[in-house]
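The values are calculated or read from the model by the stated rules, or taken from the named source; none is laboratory data. No experiment lies behind these values; they were computed from the predicted model shown. Cβ coordinates were reconstructed from backbone atoms using ideal geometry, including for glycine residues, and neighbour counts include every protein chain displayed. We work out accessible area using only protein heavy atoms, side chains counted, and drop any ligands, DNA or RNA first. Shrake-Rupley method; radii C 1.70, N 1.55, O 1.52, S 1.80 Å.
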Amino acid sequence: MTEPVRILFVCLGNICRSPSAHGVFRQRVSQAGLEAKLLIESAGTGDWHLGKAPDRRSAAVAMSRGVDISDLRARLVTSQDFHAFDYLLAMDNSNLADLQAMAPANHGATLGLFLDYATASGAIREVPDPYYGGDQGFEHVLDLVEDASDGLLLTLRQKYSL
Ligand code: 4NP
């Protein structure tokens, strides 16, 4: 069996956007029966919430769409992640710039924006930080994450013949 393709979703706090991406994509992968082929984690570039469960607003919106993210815990992105993962997918341009700034020389990972894989979200290229906003922001995050998760899964299935 070939090695799994390894994907790390990255945001700032690792309690709202990247755990939502982690949970939604994990569910899509499970529904496709590809758990052994795609390894999924999430992490943050900021250290305020290390070890914490996802923000209750993110968890509630995800649950309302049938996605349980209550088992996830926040952790930091590390330099090892650039070797341990094939894709590091950032939620916004600031997250991506942080990743590029901390990337070790000669790493083999692909760095990019998660929404590059979205197909239905039009010109929106970043998942907006919902932390200081209202409930609608969390619904919007899930809309974008669901779209990009479907596109990412399709892209990886085609690229790796999964
Ligand atoms: P996330 O949202 O990056 O989507 O997890 C945030 C969570 C916490 C903070 C900022 C963004 N914070 O400043 O504590």
Out of L76, L72, which single residue is within 16 Å of the ligand (Cβ to nearest atom), at negative phi and touching an Asp or Glu at 6+ places or on another chain (Cβ under 6 Å)?
L76
Only listed residue being within 14 Å of the ligand (Cβ to nearest atom) and either not in a helix (DSSP H, G or I) or not small (G, A, S) (or both), chosen from G133, G137:
G133
Can you confirm whether segment 47-67 contains a residue that is acidic (D, E), free of Cβ contacts under 8 Å to residues at least 40 places away in the same chain and not in a loop (DSSP other than H, G, I, E, B)?
no
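Conditions (1) of a type outside the set (A, V, I, L, M, F, W, C); (2) farther than 26 Å from G51 by Cα; (3) without any contact (Cβ under 8 Å) to a residue 40 or more places away in the chain, marked per residue:
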| residue | (1), (2), (3) |
| --- | --- |
| L89 | no, no, no |
| A97 | no, no, yes |
| Q100 | yes, no, yes |
| P104 | yes, no, yes |
| T119 | yes, yes, yes |
| A123 | no, yes, yes |
| H140 | yes, no, yes |
| R157 | yes, yes, no |
| S161 | yes, yes, yes |
Among the residues in segment 54-77, are any polar (S, T, N, Q) and surrounded by fewer than 21 Cβ atoms within 10 Å (Cβ to Cβ)?
yes
State all residues of segment 138-162 that are under 15 Å from L38 (Cα atoms) and of a type in the set (D, E); if no residue qualifies, say none.
D150
From the set of residues in segment 12-38 that are farther than 15 Å from S149 by Cβ and among the hydrophobic types (A, V, I, L, M, F, W, C), which is farthest from the ligand (Cβ to nearest atom)?
A36
For segment 6-41, how many residues meet the condition of being open to solvent by 10 Å² or more (accessible area, probe 1.4 Å), outside any loop (DSSP other than H, G, I, E, B) and either among the hydrophobic types (A, V, I, L, M, F, W, C) or within 12 Å of L89 (Cβ to Cβ) (or both)?
5
